[in-house]
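The values are calculated or read from the model by the stated rules, or taken from the named source; none is laboratory data. Only a predicted model underlies this, so the values are computations on that prediction, with no experimental measurement involved. Note: ideal-geometry Cβ built from the backbone for every residue, glycine included; neighbour counts use all protein chains shown. Ligands, DNA and RNA are stripped out before the accessible areas are found, and what is left, the full protein with its side chains, is counted by its heavy atoms. Shrake-Rupley method; radii C 1.70, N 1.55, O 1.52, S 1.80 Å.
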Amino acid sequence: MKKILWICKESFTGPVNSCLSEFQNYENEALFIHPTESVLNDKTYVNFKKINSEIIVHDLNSVFYEFGDNSKNKFDYNLLQNFLNKYSDFFGLDELLMSSQIFTTPYHNRFYFKDISDNEKYYWIYLLFNYFEKLLINSKPDFIFDLDNSEIGRSVLWLVSKKLKIPYITIEHTRYDGYLIPNFSLGRRNDDYFTKELNNSKPSPESVSLVQEFKLKSKIINPDYNNNKTSKIKNNYFLDDI
């Protein structure tokens, strides 16, 4: 029986729960990719485990506590470099750091994001590599299914799974007209299948017309994002949106 590892985090946990009933012919496990929910016993985590008591649910609690106990100590960067050499030959550390809002506070200014030292950043990434390597080797999933692509944990997990030849499948928002397409590189790269198809496609009058119409638009954001706070220069109060 093939095994699927499902990735859970916040609002995307509900859709995972809905999907599980469609994959009863597979062995299913789940992983909460960020420790916030599991450490605090958030409803998303507690309810998911309650509803799906028959499946194994992994979390990063041990990583969280290990980081808390040792993050102020001097970290040996060579330990992280060993993992980067092993799993990240095409993915630089700076690009990896960009996967997390908490590591890019000049670009994601939120009051609950506190600046942390490079020593702490490198130690956290090392712990993620160490945990995910053991998880995938021991669990041996045939596929990893995900419905989102944010958070550095996902990037590290994708790098390890790629080297271990475990397909990491998620969806990509094309940011044009609301299309969703399958993605095998977590949105960090253009997929080979998509690039190949694009290069083999010849422009038709209809496609050229669509491009021209798009260029003439003064507002290109998809209507689905009209009340999404990430699309606003200044956030409205919740009641104002209602």
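Brief remarks follow.
- Against the test of being farther than 23 Å from LEU136 by Cα, open to solvent by less than 70 Å² (accessible area, probe 1.4 Å) and of a type in the set (Val, Ile, Thr), the options THR13, THR104 yield a single qualifying residue, THR104.
Residues checked against (1) surrounded by 11 or more Cβ atoms within 10 Å (Cβ to Cβ); (2) at pLDDT below 85:
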site: VAL156; (1), (2): yes, no
site: VAL160; (1), (2): yes, no
site: LYS163; (1), (2): yes, no
site: LYS217; (1), (2): no, no
site: ASN228; (1), (2): yes, yes
site: ILE233; (1), (2): no, yes
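- Every residue from segment 16-44 that is within 20 Å of LEU135 (Cβ to Cβ), outside any strand (DSSP E or B) and of a type in the set (D, E, K, R): GLU37
- Note on segment 125-159: residues that are among the aromatic types (Phe, Trp, Tyr) and touching a residue at least 60 places away in the same chain (Cβ under 8 Å) amount to 3.
- Members of segment 26-39 that are open to solvent by 40 Å² or more (accessible area, probe 1.4 Å) and either modelled with pLDDT under 95 or among the small types (Gly, Ala, Ser) (or both): HIS34, THR36
- Candidates TYR65, TYR87, TYR123 - the one that is open to solvent by 40 Å² or more (accessible area, probe 1.4 Å) and at negative phi: TYR65
So that you can scan it fast, the table gives a plain yes or no per residue for (1) out of contact with any Gly (no Cβ under 6 Å at 6 or more places or on another chain); (2) among the aliphatic types (A, V, I, L, M); (3) without any contact (Cβ under 8 Å) to a residue 24 or more places away in the chain:
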{"position": "LYS50", "(1), (2), (3)": "yes, no, yes"}
{"position": "VAL57", "(1), (2), (3)": "yes, yes, no"}
{"position": "SER62", "(1), (2), (3)": "yes, no, no"}
{"position": "PHE67", "(1), (2), (3)": "yes, no, no"}
{"position": "SER71", "(1), (2), (3)": "yes, no, no"}
{"position": "LEU80", "(1), (2), (3)": "yes, yes, no"}
{"position": "PHE83", "(1), (2), (3)": "yes, no, no"}
{"position": "LYS86", "(1), (2), (3)": "yes, no, no"}
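- Any hit, segment 137-146, residues being assigned to a helix (DSSP H, G or I) and in contact with a Gly (Cβ under 9 Å, 6 or more places away or on another chain): no
- Apart from one condition, THR105 fits all of (1) of a type in the set (S, T, N, Q); (2) assigned to a strand (DSSP E or B); (3) at pLDDT below 95; the exception is (2).
- One residue from LEU136, LEU147 being modelled with pLDDT of 95 or more, surrounded by 11 or more Cβ atoms within 10 Å (Cβ to Cβ) and closer than 30 Å to LYS86 by Cα: LEU136
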